[in-house]
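All remarks here apply to the structure that follows.
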Amino acid sequence: MKAFTKINGLAAPLDRANVDTDAIIPKQFLKSIKRSGFGPYLFDEWRYLDHGEPGMDCTNRPKNPDFILNKPRYQGAQVLLARENFGCGSSREHAPWAIEDFGFSVMIAPSFADIFFSNSYKNGILPIVASAEIVDRLFKECEATEGYKLNVDLETQTVTTPSGFSFGFDITPHRKHCLLNGLDEIGLTLMHADDIKAFETKHKAVQPWLFA
Amino acid sequence: MAGKTLYDKLWDTHEVRREEDGTCLLYIDRHLVHEVTSPQAFEGLRIAGRKAWRSSSVVAVPDHNTPTNHWDRDIEDPISKTQVDTLDANIKEFGSLIYFPFKHKNQGIIHVIAPENGAILPGMTVVCGDSHTATHGAFAALAHGIGTSEVEHVLATQTLIQKKSKAMLVKVDGKLGLGVTAKDVALAIIGKIGTAGGTGYCIEFAGSVFRDLSMEGRMTVCNLAIEAGARAGIIGVDDKTIAYLKGRPNVPAGAAWDTAVGYWNTLHSDADAQFDKVVELNAADIEPQVTWGTSPEQVLAVGGRVPNPANEADATKRTGIENALKYMGLQADMAITDIKIDKVFIGSCTNSRIEDLRAASVVAKGKKIASNITLAIVVPGSGIVKRQAEEEGLDKIFIDAGFEWREPGCSMCLAMNADRLSPGERCASTSNRNFEGRQGPGGRTHLVSPAMAAAAAIAGHFVDVRIDTAATAEA
């Protein structure tokens, strides 16, 4: 996993609540057996006017001019502003793979769906939960200010706006450590292989039928 | 000290270690695997030169991409076929307890085949790269969906890195009316607490309504916990749980059965357990439900009217209603029963078990689907469900009524195979998600119970199945 420390990135506002992972990456793209290459199909049904299929070259597909990420001013955005319950629905990790591949490394919303939230961390993306008031403020400022960039610092756990307004965010020490150092969680867990084996022996003694 | 919740008991018996910040390693007993969310995980193991920690924990089946008709033609979409072939190869290389390849007589939806083959036991931790893993909470198992990185983590370490959620109790007491089913209860709960209402919680369902439900009905309710935002939904063990398990393959027998049952009977919340949140509904208030929008929380009783955005004060919610009405092609204030449909889908991990097919067949028996219905399909959840339904003659009832009787699979729930809606088509569906494009780009989904779907197929529009059921009962 790639590490995340800090960015000063252009923000783009996606003003919809309950954005589900089917919208983030439609099902036809889930047929891939790879982890990469999903970025061009991010929000496919909203982003393009035609129907997308896996393997399609997206450079000449007709784009929906009304979709926020197609606006010239949001090209190159790295911070996605979103509304409540972002990433609800299916557990598909293809959703954060598409978000990361597109170029986002931070998402800020009042709430995220649980599975999507943890999937994001595994892919070097930082999902930040902020109060509805703060998110509302960021949406308004972002829409009003072309080139609106947010400074996101994981070490100090702060987000700072161009006007200097700053707010903190929570993250568990474990996730912070993994993200800052781009650590492979499996490698970390296997350092506790003896604990797992000891647990397994005890578990098997109590519920042997689980190991039939 | 307060007693323990069922969630506490399941968690505490699986915690391998705990960091200071509360991050835990949780041991995983059962790992369900399907073809869509696993190839990158197996590839990760291969690249790192890792083996599966305990392949006998794995139960696998291809279900999302598999066709539900013309099995003689194999899988025609080459990309789908590659994904299914990749699962075959990965299971062959890494091993499993149970694997039913495409066309195996017991093949079906992972969340249907696992319980019916005794692979889900009370007290287990169960994961799958699939959000509807919540289904298995019906057996007092801690079961939830995970992402592909976590699939790889579980394959390699038999554990999951987790923080404990909060505990919510959803209590529904009283008696359900005739024609009101587990699906309606679940949709009514989602309508009440919203699709984010359960975020951060494990929901325990308790009360007389859940005790009265069959194991199939309980699976339907737990399956939909994720649509309320909760990763897991659980129900305590009772005699029905034990009776369902007895004699199935992979379930302990003899003396081990007695010991296991003794333990399983402790798997319920203590009387003095404390929950972080309690939500109560009255069974008598629950009517057959129909979703009208593009989120499962956008749901109404069948007698209701589509909401008017003008009556919504909250701006984000108002925009949400406007977007949903536009996408769904509905007028504000129109009666649910005036909504005409084009297609009907009876199936999915939510509603494709034998009881679901029986409920739909009661409504369809001796009737014909309406002339405006272009396609009505019944997709059993597994080969076992299909054979049982055929033994009971349900296939004949559906075929006589004009339904197509298909082979098992996920099918039109998420339309990864050829079963899908065309743009603008409207479907009465027993599945779990009415998101934009879920059943095909531009498709419009209304979530209902199997009985309500069958009734809509016969009428050509939504109707109150209770009227239909009463007529059937008199006949």
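The values are calculated or read from the model by the stated rules, or taken from the named source; none is laboratory data. Predicted, not measured: the structure shown is a model, and the values here were computed from it. Glycine also receives a Cβ, built like all others from the backbone with ideal geometry; neighbour counts cover every protein chain displayed. Just the protein is used for accessible areas: all its heavy atoms, side chains included, with ligands, DNA and RNA removed. Shrake-Rupley method; radii C 1.70, N 1.55, O 1.52, S 1.80 Å.
Treating each Cα of region B:195-315 as one equal point scatterer and applying the Debye formula with no solvent, the log10 of I(q)/I(0) at q = 0.16, 0.17, 0.19, 0.21 Å⁻¹ comes out as -0.96, -1.05, -1.22, -1.36.
Please give the average number of partner chain Cβ atoms lying within 10 Å of the Cβ of each residue in B:57-67, rounded to a whole number. Spell out each step's value before the answer.
Values: counts 2, 0, 0, 0, 0, 0, 0, 3, 3, 0, 0.
Mean partner-chain Cβ count within 10 Å for B:57-67: 1.
Near B:Ala376, the amide H atoms lying under 5 Å from its own belong to B:Val344, B:Glu404; only residues 5 or more places off or on other chains count, and H is placed 1.01 Å from N. Summarising the label geometry, the points placed 7 Å from Cα in the beta-carbon direction at A:Lys140 and A:Asn181 lie 4.2 nm from one another.
Computed on protein heavy atoms with a 1.4 Å probe, the accessible areas place A:Glu146, B:Glu392 in the order A:Glu146, B:Glu392, largest first.
Using 0.36 nm per residue and subtracting the Cα-Cα separation, the extra length available between B:Asp314 and B:Ile242 on full extension is 21.2 nm. Projecting the Cα atoms of B:Val170, B:Phe102, B:Ala457 onto the dipole axis of the protein assembly as shown, where Lys and Arg carry +1 and Asp and Glu carry -1 at the beta carbon, places B:Phe102 farthest toward the positive end. If the label point is 7 Å along Cα→Cβ of B:Lys277, which residues in region B:183-200 have backbone nitrogen under 13 Å from it? Counting backbone N atoms under 13 Å from the label point, the list is B:190-200. Taking all protein chains together and a 1.4 Å probe, the residues B:His70, A:His192 rank B:His70, A:His192 from largest to smallest accessible area.
The relative contact order of region B:222-271 comes to 35 percent, based on Cα pairs under 8 Å that sit 6 or more residues apart.
The simple spin-label model puts a point 7 Å past each Cα toward its Cβ; for B:Arg46 and B:His104 those points are separated by 2.0 nm. Placing unit charges on the Cβ atoms of the charged side chains and taking the dipole of the protein assembly as shown about its Cα centre, the candidate lying farthest along the positive direction among B:Ser352, B:Ile226, A:His192 is A:His192.
Once you reduce region B:88-131 and region A:117-165 to the center of their Cα atoms, the two points are 41 Å from each other. If only the Cβ of Lys and Arg carry +1 and only the Cβ of Asp and Glu carry -1, the dipole of the protein assembly as shown around its Cα centre is close to 540 debye.
Measuring between their Cα centroids, region B:243-316 and region B:3-25 lie 23 Å from each other. With respect to chain A, whose longest principal axis is taken over its alpha-carbon atoms, helix A:193-206 is tilted by about 60°. Sparsely packed loop sites in region B:120-211 (the trypsin sites (Lys or Arg not before Pro) outside DSSP H, G, I, E and B with at most 14 other Cβ atoms within 10 Å) comprise B:Lys175. Between A:Arg73 and B:Lys175, what's the calculated FRET efficiency when r is the beta-carbon distance and R0 is 56 Å? Round to 0.05. Working from the Cβ atoms, E equals 0.45. Counting heavy atoms of the protein chains alone, A:Arg35 has an accessible area of about 90 Å² for a 1.4 Å probe.
Write down the percent of antiparallel bridges among all DSSP beta bridges whose residues are both part of the protein assembly as shown, to the nearest 5. Show your work: numbers first, answer last.
Values: 25 of 78 bridges.
Counting DSSP beta bridges with both partners in the protein assembly as shown, the antiparallel share is about 30 percent.
Residues whose amide H falls under 5 Å from that of B:Val33, counting only those 5 or more places apart or on a different chain, are B:Val59, B:Ala60, B:Val61, with hydrogens built in the peptide plane.
Treating only the Cβ of Lys, Arg, Asp and Glu as charged (+1, +1, -1, -1), what charge dipole size does region B:160-254 show about its Cα centre? Round to the nearest 20 debye. Walk me through the numbers before you get to the answer.
Working: 13 positive and 8 negative charges, 56 e Å.
The dipole magnitude comes to about 280 debye.
For region B:283-379, what does the relative contact order come out to in percent, with C-alpha contacts under 8 Å and a separation of six or more? Please report the intermediate quantities before stating the final value.
Working: 95 pairs, mean separation 23.2, N = 97.
After rounding, I find 24 percent.
If you average the sequence gap of Cα pairs under 8 Å that are 6 or more apart and divide by the length of region A:1-139, what percent do you get for the contact order? Intermediate values should be presented prior to the final figure.
Numbers: 268 pairs, mean separation 42.0, N = 139.
RCO, region A:1-139: 30 percent.
Based on Cβ point charges of +1 for Lys and Arg and -1 for Asp and Glu, what charge dipole magnitude is obtained for region B:241-323 about its Cα centre, in debye rounded to the nearest 20? All intermediate terms of the calculation are to be shown ahead of the outcome.
Numbers: 6 positive and 11 negative charges, 78 e Å.
Dipole magnitude for region B:241-323 comes out near 380 debye.
Here the ratio of the Cα radius of gyration of region B:389-474 to 2.2 N^0.38 Å is 1.17. Placing unit charges on the Cβ atoms of the charged side chains and taking the dipole of region A:3-151 about its Cα centre, the candidate lying farthest along the positive direction among A:Leu150, A:Pro65, A:Gly87 is A:Leu150.
Looking at chain B, I'd like the Rg to Rh ratio, where Rg is from alpha-carbon atoms and Rh is Kirkwood's inverse mean 1/r. Walk me through the intermediate numbers first.
Numbers: Rg = 21.6 Å, Rh = 22.6 Å.
Rg/Rh for chain B comes to 0.95.
Inter-chain Cβ neighbour count for A:15-27, averaged per residue, equals 6 (cutoff 10 Å, partner chain atoms only). Long hydrophobic helices in chain B: none of the complete DSSP H runs spans 30 Å or more by Cα along its own axis with mean Kyte-Doolittle hydropathy of at least 1.0. The simple spin-label model puts a point 7 Å past each Cα toward its Cβ; for B:Asp333 and B:Asn265 those points are separated by 6.0 nm.
Could you order A:Leu80, A:Leu49 by accessible surface area, starting with the largest, using a probe radius of 1.4 Å? Intermediate values should be presented prior to the final figure.
On the way: A:Leu80 0, A:Leu49 115 Å².
Reading off the accessible areas and sorting them downward yields A:Leu49, A:Leu80.
Apply 1/(1 + (r/R0)^6) to the Cβ-Cβ distance of B:Lys166 and B:Ser371, taking R0 = 51 Å, and write down the FRET efficiency to the nearest 0.05.
On the way: r = 51 Å, r/R0 = 1.00.
So, using R0 = 51 Å, E works out to roughly 0.50.
Every Cα-Cα pair of the protein assembly as shown was included, and the share exceeding 31 Å stands at 51 percent.
Database remark: amide H of A:Arg16 closer than 5 angstrom to the amide H of A:Arg83 (H placed geometrically; neighbours at sequence offset of 5 or more, or on other chains; Pro and chain starts carry no H).
Over region B:274-402, with the other protein chains present, what is the accessible area per residue in square angstrom, probe 1.4 angstrom?
Numbers: 5580 Å² over 129 residues.
Per residue, region B:274-402 has 43 Å² of solvent-accessible surface.
Rounded to the nearest angstrom and listed largest first, the equivalent-ellipsoid semi-axes of chain A from its Cα gyration tensor are 33, 24, 15.
How much length is gained on full extension from B:Glu19 to B:Lys192, taking 0.36 nm per residue of separation minus their Cα-Cα distance?
Values: separation 173, 0.36 × 173 = 62.28 nm, distance 3.59 nm.
Full-extension gain reported as 58.7 nm.
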